[in-house]
1. I need the full set of residues from region 175-197 which are surrounded by 11 or more Cβ atoms within 10 Å (Cβ to Cβ) and at positive phi, in order please.
2. List the residue pairs whose Cβ atoms are under 7 Å apart, where the first residue sits in region 47-70 and is under 15 Å from Tyr81 (Cβ atoms), the second is assigned to a helix (DSSP H, G or I) and among the polar types (S, T, N, Q), and the two are 6 or more positions apart or on different chains.
3. Hey, does region 17-38 have a residue that's modelled with pLDDT of 55 or more, surrounded by 10 or more Cβ atoms within 10 Å (Cβ to Cβ) and not aliphatic (A, V, I, L, M)?
4. Filter region 48-71 for residues that are open to solvent by 90 Å² or more (accessible area, probe 1.4 Å) and under 27 Å from the mean Cα position of the chain (by Cα); which is modelled with the highest pLDDT?
5. Pick from Pro111, Pro135: which is in contact (Cβ under 8 Å) with a residue 60 or more places away in the chain, farther than 17 Å from Trp225 by Cβ and not in a helix (DSSP H, G or I)?
6. Filter region 198-214 for residues that are surrounded by 10 or more Cβ atoms within 10 Å (Cβ to Cβ) and under 24 Å from Asp154 (Cα atoms); which is nearest to the chain's Cα centre (by Cα)?
7. For residues that are closer than 12 Å to Ala101 by Cα and either in a loop (DSSP other than H, G, I, E, B) or open to solvent by 70 Å² or more (accessible area, probe 1.4 Å) (or both), tally how many sit in region 114-125.
8. Kindly provide the set of residues from region 161-201 that are part of a strand (DSSP E or B) and without any contact (Cβ under 8 Å) to a residue 24 or more places away in the chain, ordered by number.
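The values are calculated or read from the model by the stated rules, or taken from the named source; none is laboratory data. Since we're looking at a predicted model, the values are computed, not measured. Cβ sites come from the backbone with ideal geometry, for glycine too, and all protein chains shown count toward neighbours. Only protein heavy atoms, including side chains, enter the accessible area calculation; ligands, DNA and RNA are left aside. Shrake-Rupley method; radii C 1.70, N 1.55, O 1.52, S 1.80 Å.
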Amino acid sequence: MEPAAHQVPGADGAGGTGDAGERGGMRGIAALSLPARIFVSIAVAVVTVGVAFHVAMVFLQTAPDNTVSKRHAEVVDSYVYPEFERNWKLFAPNPLQQNVAVHARARIAVPGGGTKTTGWVDLSAMDGAAISGNPAPSHTQQNELRRAWEFYADNHDEKGKPYGLRGRLSEQYIKRIVMLRFGTKLNGGSVERIQLRAVVTPVAPPEWSDEKTDGKTEYSVQPWWQVTSADLPGGAK
């Protein structure tokens with residue numbers, strides 16, 4: 001008896017896997033249905049426009065003054081600040097030489113009428129505790145509060161008066177950060193006002209340096225701020 005001949009599927013060109021091979025050759029968007037292709041095309045277009053807009057705004061903010069940046073300065077600043085603002089205080093010739101801690105307290109309305117003021121809460125110490133021993137601390141824990149305070153301090157005078165749009169934006173930004181930490185209810189009452197202060201301690205120079213510094217800690221206390229619905233977590237009222 002002769003052994004049965006082995007037949008290769010599709011070798012005779014009739015049916016087999018020929019059609020499946022052609023279908024398998026369709027790749028990418030071409031393999032999607034028409035509605036899916038339309039959705040993907042729109043998504044790609046939106047992302048492309050968004051990236052182009054972001055790059056343009058950041059470029060106009062960092063580029064030397066020109067006609068376009070001057071004409072649209074308010075739009076550019078409102079987009080860039082505070083989330084995309086940058087500074088260079090880590091580098092020479094003027095690296096940051098101070099330890100700055102941000103404290104906050106609240107004035108709360110207590111049940112039955114009346115108000116009371118909480119003690120100062122060291123928000124920077126809270127971030128430090130979250131970072132300590134954490135091999136991969138979040139960007140928020142490391143930089144959000146610190147950068148928000150730098151943005152605020154750079155755009156307010158010694159009496160806490162804002163410099164234009166940037167000052168107002170920095171104030172709104174840091175108020176929201178504090179309210180995210182405090183919440184609307186604190187110590188059995190409702191938060192009505194908040195106040196911030198910076199505790200600034202100079203960093204002592206190294207032993208080999210001839211530089212002399214005053215190691216005295218200074219406090220920069222800001223005015224009380226009324227809390228509005230825009231400052232509350234999730235826009236709660």
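1. Passing the criteria: Gly183, Asn187.
2. Leu60/Ser69
3. There is at least one residue in region 17-38 that is modelled with pLDDT of 55 or more, surrounded by 10 or more Cβ atoms within 10 Å (Cβ to Cβ) and not aliphatic (A, V, I, L, M).
4. The extreme case among them is Val49.
5. Matching residue, one of Pro111, Pro135: Pro111.
6. By that ranking, first place goes to Ala198.
7. Residues meeting the conditions: 1.
8. Step one: filter region 161-201 for residues part of a strand (DSSP E or B), giving 162, 185-186, 189-201.
Hits for region 161-201 are Pro162, Lys185.
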